[in-house]
Every structure is written in C-alpha cells, then in structure tokens.
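First up is the structure itself, then whatever we jot down about it.
Please treat every number below as a calculation from the coordinates, not as lab data. Here the structure is a predicted model, which is why all the values come from computation and not from measurement.
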Amino acid sequence: MAVMSARDRHALVDAGPFGPWGAGHSHSDTLSLLARCGNREILIDPGTYTYVSDPAERDRFRGSAAHNTIRVDGLDQAIPAHPFHWSDRPAVSIREWTTSQEEDSLDADCVSRGITHRRRVRFVKPDLLLVVDEISGPPGEHIIEQFWHLGSAKDRDRVSLEAPAEVIESWRSEVFSEKKTVPALRVCRKCTLPCSLAAAICIGGHPSPVAIERSGSVVRFQTAGRRIAWEADTRG
C-alpha cells in the first residue's frame, strides 16, 4: 500500500497482490486509488456490504468496477469462484516508489489474462494527484473502462479527465448490510492496444480544473500557475 500525504491531504494506492490461499477477503481493486482532505473523502472505497446473503451484490462490491481502477473487456482482475475465493489471480509488481517533501511517485503494474495495466501516480504536494494508466496486451479491439468513485457529487469538479466521462450511479456500504448510492465517473474507450488514459485530481483547497494534453510521448498537465510535463512513454 503506497501512502502519500502532505498536511491533511492523504492518498492511498493499492499496489499489492490478492491475498493468500483463496484470497477470500480480497477485492479486485489492484492499483485502486483513494484520496481525502481532512475528514472529506474525495475518492472512496465501496466497502463490503455482504458476504453470503446475496451473491450478486457480493460480486458487485468486490469487483473492479466498484473501485478506482481500470477494467478491461468487462472482466475483473481475477475470476470470482465463490464468495470467499478468487481464481486466476493477477501478478502485481511495484516498478518504482519515491517520496520527498515535494512529491511522491508510484509506478506499478497488474498483469491479468494477458493484459498489463500499468499505473503511474504522482502526488505533487500539497494538493495535486496526477495519474497515467497504460494498458497493453493482445491485438484486436478491447473495451477499456476507468472508474472514479466520488465521496459526493460536489467532488466532480476535483477530477479532470483526458477523455469524456459519464456520471453513473454506484454503491457504497459504510456499515455491513447497509448500502447507499454514490456518484462515479466512468471513462469508456473501445480501442486497440496499447492505449493510455490520464487524469488529475485536486485533493486540497479549492478545485482548479487541469488541462491534459499530449505531445508524442509527453503528457502535459496545465493548471493555474503550474505546468507539469511528464515523459510517460504513452499512446493516446
């Protein structure tokens, strides 16, 4: 788990593998990102809701689409065999992790069913998270989805995306066996691989829109008073 923090801003990135044995308590949330500012949750985790009372809801809450990560071809990162078991679990690795007073940076990947999802996260302190997702794998067209689950509808302006997104209804369970609806952003692209998607999340102060542009392999993030160029070796 990569922990990024500055002042009262905190971000967590799940860069670890599924659990041991049958990974019964694991969720398909590898490379998922959570963020908060003080007591305000900006990017959230859905919780659990149920274990065995409703198999469909069990799979919904532990599936990739319920987390702030990438889903490819409508499939989870592993195969839910029953409520307390996953099969065909992904390989997960951390390529690089650095931290300093000015910036934290994580580069990690998840390999599942021949698809590699590489996520790079930079926390430009104290309030800007930059994300580049790179997806590579077999030839042919694939459906790539990127999800961002929000603490509230007011946080929509805190998330700047490279591609158009739709607002969808998602679910959260803060207490076992109870759930409520929450808004989420879903980016969906049908494309050949490799492809990539970029995002920026403002987690402190007043939200400021971030423009995302590409020039060759460079992804540029432009916000008020700051211009950040990121050599990310990506394709649109």
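For a quick check, take a GNM of the chain with Cα springs below 10 Å and name the residue from Val13, Val167, Val121 with the largest mean-square fluctuation.
Sorting by GNM fluctuation, first place goes to Val167.
Direction-averaged shadow area of the convex hull around the Cα atoms of the range 1-119, nm²? Before the final figure, lay out each step's value.
On the way: hull surface 31.4 nm².
The orientation-averaged projected area of the Cα hull of the range 1-119 comes to 7.9 nm².
When a/c reaches 1.5 or more, the comparison of a/b and b/c decides; with that in mind, is the range 118-236 rounded, prolate or oblate per its Cα gyration tensor?
It comes out oblate by the Cα gyration axes.
So how much slack lies between Ser177 and Ser100, counting 0.36 nm per residue of separation and subtracting their Cα-Cα distance, in nm? Provide the component values of the computation, followed by the final result.
Working: separation 77, 0.36 × 77 = 27.72 nm, distance 4.07 nm.
Stretched out fully, the Ser177 to Ser100 stretch lengthens by 23.6 nm.
List nothing, just return the count: lysine pairs in the chain, 8 or more apart or interchain, with Cα separation under 30 Å.
Details: Lys125/Lys154; Lys154/Lys179; Lys154/Lys180; Lys154/Lys190.
Summing the qualifying lysine pairs gives 4.
According to the square roots a ≥ b ≥ c of the eigenvalues of the Cα gyration tensor, what is the shape class of the range 119-169, taking rounded for a/c under 1.5, prolate for a/b larger than b/c otherwise, and oblate for the remainder? Display every interim value, and only then the final one.
Values: a/c = 3.06, a/b = 1.38, b/c = 2.22.
Oblate.
For the range 2-231, what are the per-bin percents of Cα-Cα distances with bins 10 Å wide, up to the bin holding the maximum?
8, 33, 39, 18, 3, 0
Using the Cα gyration tensor of the range 36-77, with a ≥ b ≥ c the square roots of its eigenvalues, what is the shape: rounded (a/c below 1.5), prolate (a/b larger than b/c) or oblate (neither)?
oblate
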